[in-house]
Structures are given as C-alpha cells and as structure tokens.
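A.B. asks: Right, I'll just put the structure down here and ask away after.
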Amino acid sequence: MNWKLLRHIPWVDTRSRFLSRVPSAGSLLDVGSSDGETLNHFHEMRPDLKFYATDIEGIPEAYPKGCQFHQGDLNKENLPWGPNSLDAISCMHLVEHLEDLTLLIAEAFRLLKPGGRFYLETPHPKTLGLSSVTGPAVGTFTMNFWDDLTHTHIVSMGALAKQCRSAGFDISHSGTSRNWLFAAAYPIFFFAPPSRQKFTSKVHWSGWSAYLVARKP
C-alpha cells in the first residue's frame with residue numbers, strides 16, 4: 001500500500017495520524033529503522049520532511065533519498081544529533097528488544113524541540129496469549145510474542161508512560177495501533193489460505209500492537 005493514499009485520510013492508521021501532525025517541512029527521526037519499510041511509507045506520505053534514521057545494523061541504501069543514517073546501539077550509545085533539533089521521533093517495535101529504555105527515552109527528550117512528539121509502538125501484552133500460526137506457515141509470521149526469538153520482554157503502556165514522565169515528557173495519547181483498512185479486510189481473508197496479507201489483516205483486527213505518544217513540553 002502506497003501511503004500517499006493516506007494523506008487525506010490519516011485517521012485510518014495510527015502511525016499516519018501521528019505523521020500527519022508533524023510540522024510542514026519538519027524533521028523526523030526513526031529509531032530502529034531495520035529494513036526501512038516503515039520509513040519509506042512515511043516518505044510516501046510526507047515527502048516534505050527531512051528524515052533521519054538509526055539502527056544497530058540497518059540497510060541505509062534502502063532508506064529514502066537524503067535520509068541521514070547513524071548506526072549505533074541504544075542500549076549503550078548516545079545519538080549524534082544536537083539537542084532541540086527534531087520535530088518528531090518514531091520508534092516502532094524496538095523497546096521489546098532493548099535491555100533498558102532509560103537511554104532511549106532520555107535521548108528522545110534531548111533531541112526533540114519543545115512541543116516535539118515521540119511515538120512508541122510495541123506488542124500488546126495480549127500477544128503473550130495468542131496462538132502461533134499453525135500448519136506449514138508456522139514460524140513464518142510473528143503472532144505470539146515469543147515467536148520472535150529476539151524479543152526480550154513485554155513493555156506495558158503504563159510502565160512506558162511512567163518512564164517517559166520521569167524523563168520530562170507529557171503523555172498525549174495511548175491505545176491500540178491499527179490500520180482500519182487492513183482490519184476491515186480480515187473477514188475477507190478469514191477463509192483464505194495462509195498468506196502474509198491474511199496474517200497482517202489479523203493482527204490489525206485483533207489489536208496486536210499498543211502505542212503511546214509523548215510530548216516534550
């Protein structure tokens with residue numbers, strides 16, 4: 001799905017709603033950019049933004065043109081950008097991999113301009129009780145939290161909010177992350193053979209991810 005289609009209906013997706021509120025020609029840092037899939041979607045919707053990315057490994061050649069990339073480990077390394085320099089920071093499905101969130105949250109607070117916002121998304125605690133994909137597709141898609149061998153611990157929104165407030169943030173929003181178009185497709189895919197599209201629609205239907213938006217005063 002090309003996210004330029006969401007420019008006029010950002011409310012259908014939790015991430016695009018956050019992205020729509022970044023100031024025009026502003027700056028966004030994506031933390032834990034991985035293969036760049038989400039970052040490229042962000043660029044499709046908001047080509048006016050200046051993008052930055054950081055990851056412990058990363059694939060910078062796959063990121064949007066002009067994106068400034070830093071390779072680093074947020075378990076122990078500070079980020080290279082200056083204080084009060086960014087309008088927004090996104091962090092999708094990283095916190096459940098980190099040993100300690102103190103440095104990540106402190107760095108986000110340092111980097112954001114006053115009024116800047118920090119979006120965090122992570123598996124909902126309910127994923128601990130979900131069944132893994134079955135049949136020949138077992139192990140090909142993360143449905144149960146522990147299907148991903150790199151997951152270390154569940155991070156609840158309550159605990160995350162407390163850590164963000166301790167760092168100086170105000171909490172703007174929290175809840176379940178969904179793309180309502182994908183969720184609405186699940187009844188169509190329900191009887192279909194296993195596929196990535198079917199599993200993706202299921203996680204949006206079930207509310208697989210939780211999110212929080214923190215704001216720097």
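The values are calculated or read from the model by the stated rules, or taken from the named source; none is laboratory data. Remember, predicted model here, so these are calculated numbers, not experimental data. Note that each Cβ is placed from the backbone with ideal geometry, even for glycine, and that neighbours are counted across all protein chains shown.
A.B. asks: Only residues that are in a strand (DSSP E or B) and of a type in the set (A, V, I, L, M): list them for segment 102-126, please.
C.D. replies: Once the filter is applied, which keeps residues that are in a strand (DSSP E or B) and of a type in the set (A, V, I, L, M), segment 102-126 yields Leu112, Leu120.
A.B. asks: Looking at Glu99, Glu61, which is the one that is more than 17 Å from the chain's Cα centre (by Cα) and in a helix (DSSP H, G or I)?
C.D. replies: From the options Glu99, Glu61, the qualifying one is Glu61.
A.B. asks: From the set of residues in segment 36-53 that are of a type in the set (A, V, I, L, M, F, W, C) and within 14 Å of the chain's Cα centre (by Cα), which is nearest to Val22 (Cα to Cα)?
C.D. replies: Phe42
A.B. asks: Let me ask something additional. Phe109 versus (1) in contact (Cβ under 8 Å) with a residue 12 or more places away in the chain; (2) loosely packed, with under 15 Cβ neighbours inside 10 Å; (3) in contact with a helix residue (DSSP H, G or I) (Cβ under 8 Å, 6 or more places away or on another chain): which is the lone unmet condition?
C.D. replies: (2)
A.B. asks: Condition check: in contact with a Leu (Cβ under 6 Å, 6 or more places away or on another chain), of a type outside the set (Asp, Glu), surrounded by 21 or more Cβ atoms within 10 Å (Cβ to Cβ) and outside any strand (DSSP E or B). Does Leu74 satisfy that?
C.D. replies: yes
A.B. asks: So which pairs qualify, if the first residue must be in segment 191-217 and surrounded by fewer than 17 Cβ atoms within 10 Å (Cβ to Cβ), the second must be charged (D, E, K, R) and not in a helix (DSSP H, G or I), the Cβ gap must be under 6 Å, and the two must be at least 6 apart or on different chains?
C.D. replies: Short answer, once both residue conditions are applied: Arg215/Arg117; Arg215/Asp170; Pro217/Asp170.
A.B. asks: Another question about this same structure. I'd like to check something: does segment 125-136 contain any residue that is in contact with a Cys (Cβ under 9 Å, 6 or more places away or on another chain), at pLDDT 95 or above and buried (at least 24 other Cβ atoms within 10 Å of the Cβ)?
C.D. replies: Start the filter on segment 125-136 by keeping residues that are in contact with a Cys (Cβ under 9 Å, 6 or more places away or on another chain), which leaves none.
No, every residue in segment 125-136 fails to be in contact with a Cys (Cβ under 9 Å, 6 or more places away or on another chain), at pLDDT 95 or above and buried (at least 24 other Cβ atoms within 10 Å of the Cβ).
A.B. asks: Hey, Ser174 hits all of (1) among the polar types (S, T, N, Q); (2) in contact with a Leu (Cβ under 8 Å, 6 or more places away or on another chain); (3) part of a loop (DSSP other than H, G, I, E, B) but one; which does it fall short on?
C.D. replies: So Ser174 meets the others, but not (3).
A.B. asks: Output the residues belonging to segment 83-100 that are surrounded by fewer than 14 Cβ atoms within 10 Å (Cβ to Cβ) and either free of Cβ contacts under 8 Å to residues at least 12 places away in the same chain or touching a strand residue (DSSP E or B) at 6+ places or on another chain (Cβ under 8 Å) (or both).
C.D. replies: Asn84 - this is the single residue of segment 83-100 that is surrounded by fewer than 14 Cβ atoms within 10 Å (Cβ to Cβ) and either free of Cβ contacts under 8 Å to residues at least 12 places away in the same chain or touching a strand residue (DSSP E or B) at 6+ places or on another chain (Cβ under 8 Å) (or both).
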